[in-house]
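Undergrad: What follows is a structure written as structure tokens; I'll ask about it next.
Quick note: the coordinates plus some simple rules give every number you see, no bench work behind them. Because the structure is predicted, anything quoted here is derived from the model rather than measured. Counting neighbours? That spans all protein chains shown, and the Cβs are built from the backbone with ideal geometry, glycine included.
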Amino acid sequence: MLTKRIIPCLDIKNGRTVKGVNFVDLKDAGDPVELAKKYAETGADELVFLDISATEERRATLIDLVRKVAATINIPFTVGGGISSVADVDILLRNGADKISINSSAVKNPDLINKIAAKYGSQCVVVAIDAKQIDGVWIVHLVGGKVPTELNLFDWAKEVEQRGAGEILFTSMNNDGTKNGFANEALAQLSEIVNIPIIASGGAGTMEHFADTFIIGKADAALAASVFHYQEIEILELKQFLKNQNIAIRV
């Protein structure tokens, strides 16, 4: 049985870690290099680094910062934000990323998924999907949640798997930053229709929420930010709690 993964997320804006609620009202959450080092030392299974303003500002990801973070950690490292070509991926992998995450660029140019998977392998490709439930329908949004599309979450998830994505990082915009729990119904539905790992994101507030997303949401990994950044939940304590719930986890 594959173990479930706990993944802290560093949302980066202007070189600092930030966190908001429902994708707005961003507040400073600390130095990304210091946070990354701490997470690697205190039991995180992986780390995700998202340069959240790169797409909106139409620039490449912060390479120097990626290199500094990579140098301080010894766990798998996923980087996203502003990636729009195979050349962008190449630069990030050469500067310490293990996997890359694409979101807006994948929707605008779906062939990019195929190209990255063909060159580097599916295990390198995480497709991030930010979706919002509107009148009962999960609609995919782009550019940090600012631009709605006509894509349905579940249709898009199936397509990205067929194109070669190795994982899906699903963030519920309705749940993001609320600390009311993950979107477990949507997550369970996703896990039924695709055969690649699903990372749950958006809504972590308690240790029980993590257990619920693994048991009810059938997620393969759970990603969170503020509960870790502000030390509301310690990763090792969380893992022990999950182990006590008979959830397969690496402690």
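Undergrad: Give K158/K239; K38/K68; K4/K243 a once-over and call out the pairs whose C-alpha atoms are over 20 Å from each other.
TA: K158/K239
Undergrad: Using only the Cα atoms of the range 170-251, build the gyration tensor, take square roots of its eigenvalues as a ≥ b ≥ c, and label the shape rounded, prolate or oblate: rounded if a/c is under 1.5, else prolate if a/b is larger than b/c, else oblate.
TA: oblate
Undergrad: Rounded, prolate or oblate, given the Cα gyration tensor of the chain, with a/c below 1.5 counting as rounded?
TA: The shape class here is rounded.
Undergrad: Okay, next question. Provide the per-residue ³J(HN,Hα) series for the range 239-251, in order, calculated from phi with Karplus coefficients 6.51, -1.76, 1.60 and θ = phi - 60°, each as a whole number of Hz, with x at glycine and proline positions.
TA: Along the range 239-251, the couplings run 5, 5, 4, 5, 4, 5, 8, 6, 9, 5, 8, 8, 10 Hz.
Undergrad: Would you please give the FRET efficiency between Q162 and R67, computed as 1/(1 + (r/R0)^6) with r the Cβ-Cβ distance and R0 = 45 Å, to the nearest 0.05?
TA: That gives a FRET efficiency of 0.85.
Undergrad: Assuming R0 = 41 Å, what is the FRET efficiency of D90 and N244, from their Cβ-Cβ distance, to the nearest 0.05?
TA: Efficiency, rounded to the nearest 0.05: 0.40.
Undergrad: For every other residue with a beta carbon closer than 15 angstrom to the beta carbon of A71, add +1 if it is Lys or Arg and -1 if Asp or Glu, then tell me the sum. Mind dumping the intermediate values first?
TA: Numbers: positive: K37, K38, R67, K68, R94; negative: D31, E34, E41, D64, D98.
Within the 15 Å Cβ shell, the charges total 0.
Undergrad: Give me the percent of DSSP beta bridges within the chain that run antiparallel, rounded to the nearest 5.
TA: Percentage antiparallel, nearest 5: 30.
Undergrad: Suppose the chain between L236 and D111 were pulled fully straight at 0.36 nm per residue; how much longer would it get relative to their current alpha carbon spacing?
TA: 41.0 nm
Undergrad: Across the range 184-189, in residue order, what do the Karplus-derived ³J(HN,Hα) couplings come to in whole Hz, using 6.51 cos²θ - 1.76 cosθ + 1.60 with θ = phi - 60° and x for Gly and Pro?
TA: Running phi through 6.51 cos²θ - 1.76 cosθ + 1.60 with θ = phi - 60° gives 5, 5, 5, 4, 4, 5 Hz.
Undergrad: Give the shape of the range 71-113 as rounded, prolate or oblate, defined through the alpha-carbon gyration tensor: a ≥ b ≥ c are the square roots of its eigenvalues, a/c under 1.5 means rounded, and otherwise the shape is prolate if a/b is larger than b/c and oblate if not. Please list the in-between numbers first.
TA: Details: a/c = 3.00, a/b = 2.10, b/c = 1.43.
It is prolate, given that a/c is not under 1.5 and a/b is the larger ratio.
Undergrad: Using alpha-carbon positions, what is the distance between the centroids of the range 100-174 and the range 229-251, in Å?
TA: Cα centres, the range 100-174 to the range 229-251: 28 Å.
Undergrad: What is the set of long-range amide H partners of D176 at a cut-off below 5 Å, with H atoms built 1.01 Å from backbone N?
TA: So D176 has HN proximity to N22.
Undergrad: Can you tell me which of 116-122, 95-101 comes out highest on packing, and rank the rest after it, using the mean Cβ neighbours within 10 Å? If you can, show how the numbers build up before the last one.
TA: Values: 116-122: 16.7, 95-101: 20.4.
Going by the mean number of other Cβ atoms within 10 Å, highest first, we get 95-101, 116-122.
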